[in-house]
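The values are calculated or read from the model by the stated rules, or taken from the named source; none is laboratory data. All values reported here derive from a predicted model rather than from experimental measurement. Because the Cβ atoms are built from the backbone with ideal geometry, glycine has one as well, and the counts that use them run over all protein chains shown.
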Protein chains: 2
Amino acid sequence: MVQGPLIAERVDVAIVGAGLAGLSAAKALTEAGRSVVVLEAQDRVGGRTLNHTFSDGTVIEIGGQWVGPTQDRLYALAAELGIEHYPTWDQGENLLHRDGKLIRYSGETFGLPAYVLAELGVAQWRIDRLAASVPLEAPWSAAKAERLDSETAASWIRRNVRSSLGRSFLRVIVEAVFSAEPEDISMLHFLFYLHSGGSLDLLTRTAGGAQESRFVGGSQQVSIRLAERLGDAIRLGSPVREISQRSERLSIGGEWGAVEADRVVVAIAPAVIPRISFDPPLSGRRAHLYAKMPPGYVIKCSARYERPFWRDQGLSGQAGSATHPLAVTFDNSPRDGSCGVLVGFLEGSHGRRASALNAEQRRDLVLDGFATYFGEQARRPLEYIDQDWAEEEWIRGGYGAHLGPGVWTQYGHLLREPEGRVHWAGAETSPVWNGYMDGAIRSGERVAEEIIQSP
Amino acid sequence: MVQGPLIAERVDVAIVGAGLAGLSAAKALTEAGRSVVVLEAQDRVGGRTLNHTFSDGTVIEIGGQWVGPTQDRLYALAAELGIEHYPTWDQGENLLHRDGKLIRYSGETFGLPAYVLAELGVAQWRIDRLAASVPLEAPWSAAKAERLDSETAASWIRRNVRSSLGRSFLRVIVEAVFSAEPEDISMLHFLFYLHSGGSLDLLTRTAGGAQESRFVGGSQQVSIRLAERLGDAIRLGSPVREISQRSERLSIGGEWGAVEADRVVVAIAPAVIPRISFDPPLSGRRAHLYAKMPPGYVIKCSARYERPFWRDQGLSGQAGSATHPLAVTFDNSPRDGSCGVLVGFLEGSHGRRASALNAEQRRDLVLDGFATYFGEQARRPLEYIDQDWAEEEWIRGGYGAHLGPGVWTQYGHLLREPEGRVHWAGAETSPVWNGYMDGAIRSGERVAEEIIQSP
C-alpha cells in the first residue's frame, strides 16, 4: 500500500470527497462530537457545483445551480450559512424550435398542437401514477418492479406515445433531466427518479419547480462556507488511493499520506469509486453495481452579453429544440440585470459529439444555438465558457449516474448498504431528490446518522 | 505520483496485464527486437484463464477453456508452445430441462417441438443474415447501425419470436454466450459478437463449434508457457497505478516501483482500466466508454466424481434449463476418463443471486442442478470448486464485457484508437473472436504491429 507518515493521524470518521454529500456528513458528525477529516482529490470543494466569475464580477455556475420547492434540506443549509436565493428569470415567452421554425408560447402549451398535448397529458398522467407507486427507499420492491426494470424509458415512450412530435418532445425532456438518452435508462429508474423529485412536472418547471431559484454568489458558496466552518478538517489535493479494513482501525491512504479512522464515508461519484483500491476488495456485486452506473454526459455552456437583449423581444430566454444540439437554454443573467447571460446544455449524445470538437468549433456550435433562438446578436458575446464534466477526472460526468435495465432490481439494495465499516453517501444514494444538490445533502446527513447509530 | 527507484528501468514497451493479450503482444514485440516488460497485478499469469488441479492430479479450468474451428491464432500459438488439444466429450444424448421435466435429444432438435424449432430457425436465419452485415472492424458503420444500437437483444427477440418456449430458449442461449441478460445487450453488439465468432451456431456448438476442443494440461498452459519464454520480462504482483505521458518517455508506476517506456499497451479488462490514474487524464469519452462496458457475471462450478456415471445412462453431460439457475452444463472429465467431472455455469442474474449465498448454500444449489439433470449420485462429488469472477479484484467479471444500447455507435471507434502513446489490447478490442481467448491473442498481435508501424 501507499506509505504514509510513521504515525498516521487518527480520527473517528474519514470522509472521501468534499462535495455537498461529504461536507454535510462532516458537518453532522462534527456537531455530534465526532472528529473527522474530509479528503478531497481536487484543489477545491463543491464536487459537481462550481462557480465561475466573469471579468465584470458576475458569478455564474458551470455545474449544478438551481433550487426549488421541497428541496428543504438545501434551503435550510443555505439559510444556516447565510446564503440568499432569488427567483430564476421567468418572464416573457418561451420558445419551441422545431422543423426549423420558432414557436413562441407561454404557460403549459409548450408550443405543441392540441392533439400532442392531449397525448402527452395522458402519458404524463400514466407516468406520474406509475412513479408514485415506486417506493423511494426500495424501488426494487415496486409492484411489477421486474417488468419495469426490464425495459427502457425509450421503449415505454414508443409504446405509449404515438405522435412523432410527442415522442421527440419527451425525448428532449428525458435528456434534459438525465443528460442521457431514453434508451440508456431503465423505466424503473426513470419512475423512481421522478418520484424522488416529486413528479415530472416538478422536475422540469422553472417557477414552482426544480429550476425555481438561484443562490446569491453561486451554488458553490454552500460548499465553500461549509468548508470554512470545518476548517483544517478539509484536506484538498488528497486523492484517496486505498482503504484498508484489515486492522481494527481503517487505514485510508494516498501519496499525500494516510489517516486512520473507525469508519469511512465514501461520498464521491459512483463512476470514480472503482479508482480506490479496497482491501479486502469490494464484493463482486458492488463492483458490478458501479460498473452499471454510468454518468450522464453534459457540457454546460454560458455566454455573457452586455444586456439580456432577448427580454426586449418579450422572450424568457428559455428555449427547447428537438433538432439543435443545444437543446435547452435559460436566462442566467445576474439578479440585477447588469449584464445578460444565456446558459445552454449539450446533453447525452449531443455532448459526446461536441466533446470531439475543438474549443472554437464547440463555441461556434453553442452560439449558433443561442442565435437560432434569440437572434444574430447572440453570436457575439463578451465572454464565453463551457464545462465538459466528463473531462473532470475525479467526477467523470453529470448531472448524475443513471441506471440501465436490471440494475435497480438486481443491485439496488447495495447502494446504501455499508460494506464493513465503509459507508456510502452521494446524491445517487438519496431516496429524496436523487441526483440533486438537495439529495446530496440528505445523503450526507443520513450517513452521519447511520454512523452515530452504529454500535 | 507513486515514487519508484531513482533510476527507473527503461524499455521500449511496457505492457499492462499478463493475460493472453498482453503476453501475445510481448511475444510479438520481443520477436521484432523490442524490449518489453509485462506488469501484472496478480501473482499469476493468464488473466481470465485459470487452471485448478484436483487432489488426484486432474487439471480443469475454472476460467476460459475451449477452442474451436476458425480460432486459428489460438490453435497456432498452442501448437508453437507444444500444447496438444483433444475433443470435448460429445457422445450420448443431451438434456433439455423444462416445466420440471427432462427431455433427451440428440442432433439439432434441442428437445423442442417442431413449431418452436421452425420459429427459431427463421429467427436464427434473420439473426445470422443481420450479423453478417455488421462490419467487424467498424460495427458503427453497419446499415441501420443507429437503429440496431437503439434496441436490446431482448426487445428484438420479443418482436421476432412469438412462442414463450422459443423466447426462453433464446434467452438461455444469450445468457450462455454473454453471461448477461438479453436486456443488457445492444442488438448491434449481439450481432457484432455473433459475426465476430462466425455465427450463432458456431458459438454455441460443441463439435464443430467454439466448445469443440480442450487443451491438455488446461488452457492456462498457453499463458504459462508464453510467460516462461518471456522470462524476467514478466513482473508479477506489480499493479500499475499510474501512467504518465507528461515527458518524452512514458512513466508507468506503482508501489513496486516504476518503469519508463516509449509506448504502453494496456491489456486488461475494460472494467479495471479506470483503476489506473492517467496523466493527463483519459478523455471524457474514453472514460465513458469503459463506464459503459460492464462485465458479465459468471460463476463457473465444477464437481469431480469417481466416474463419469452419466455416460452409463447414455448422456453426454450437456444439459440446458430455462428454469434451474445452473442453466448450462458440460462433461469436463479428463481425456482418459480416469474420473468424472461436471462443469456448470451460473450466469447473469443467476450468478449474482448465487454470489449472495454462502459457500455451502452455493455448492448445494449447483449440486442440485447436476442432480436434477444426471441423478442423485451427482449430489455427492469427491471434490467441488467454484469461481466467481466478479470477486477477482483485477478482473471483475466474465466472460467478457458487453455493450448496451448506444455504446457501439457513440463510443465504439475509441476501442482500438491509441490515446497518445497508450495502445489498447484485450479480447474486447478484437474484431475477430471478440471476447474469446483467440480474440485476446489477435488483439496482442494487432497492438504489437500497431506499435512496430508507429513512427
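Among the residues examined, B:Leu120 qualifies as hydrophobic (A, V, I, L, M, F, W, C) and closer than 20 Å to B:Asp201 by Cβ. Looking across segment B:216-236, the residues that are crowded, with 24+ Cβ neighbours inside 10 Å and among the hydrophobic types (A, V, I, L, M, F, W, C) come down to B:Val222, B:Leu226.
Looking at A:Ser302, A:Ser349, A:Ser333, which is the one that is within 14 Å of chain B (Cβ to nearest Cβ) and of a type in the set (S, T, N, Q)? Talk me through it step by step, then tell me what you get.
Details: A:Ser302 fails: within 14 Å of chain B (Cβ to nearest Cβ); A:Ser333 fails: within 14 Å of chain B (Cβ to nearest Cβ).
Going through A:Ser302, A:Ser349, A:Ser333 in turn, the sole match is A:Ser349.
Among the conditions (1) closer than 30 Å to A:Asp149 by Cβ; (2) more than 14 Å from chain B (Cβ to nearest Cβ), A:Gly375 misses just one, which is (1).
What is the one condition in (1) more than 8 Å from chain B (Cβ to nearest Cβ); (2) within 22 Å of the chain's Cα centre (by Cα) that A:Arg311 does not satisfy? For A:Arg311, the exception is condition (2).
Being surrounded by fewer than 23 Cβ atoms within 10 Å (Cβ to Cβ) and within 14 Å of chain B (Cβ to nearest Cβ): is that true of A:Arg249 here? When the stated conditions are applied, A:Arg249 does not pass them. Here the condition is being among the β-branched types (Val, Ile, Thr), surrounded by fewer than 18 Cβ atoms within 10 Å (Cβ to Cβ) and modelled with pLDDT of 95 or more; of A:Thr53, A:Thr58, A:Thr30, it holds for A:Thr53 alone.
Got a sec? Which of A:Glu228, A:Glu242, A:Glu212, A:Glu248 is over 30 Å from B:Lys292 (Cβ atoms) and in contact with a Ser or Thr (Cβ under 9 Å, 6 or more places away or on another chain)? Spell out how you get there, then give the answer.
Details: A:Glu228 fails: in contact with a Ser or Thr (Cβ under 9 Å, 6 or more places away or on another chain); A:Glu242 fails: over 30 Å from B:Lys292 (Cβ atoms); A:Glu248 fails: in contact with a Ser or Thr (Cβ under 9 Å, 6 or more places away or on another chain).
Residue meeting the stated conditions: A:Glu212.
Against the condition within 21 Å of B:Ile243 (Cα to Cα), of a type in the set (A, V, I, L, M, F, W, C) and within 16 Å of the chain's Cα centre (by Cα), how does B:Ala21 come out, does it pass? Against the criterion (within 21 Å of B:Ile243 (Cα to Cα), of a type in the set (A, V, I, L, M, F, W, C) and within 16 Å of the chain's Cα centre (by Cα)), B:Ala21 qualifies.
Considering segment A:264-294, and only residues there that are farther than 24 Å from B:Val407 by Cβ and surrounded by 24 or more Cβ atoms within 10 Å (Cβ to Cβ), the residue that is nearest to the chain's Cα centre (by Cα) turns out to be A:Ala267.
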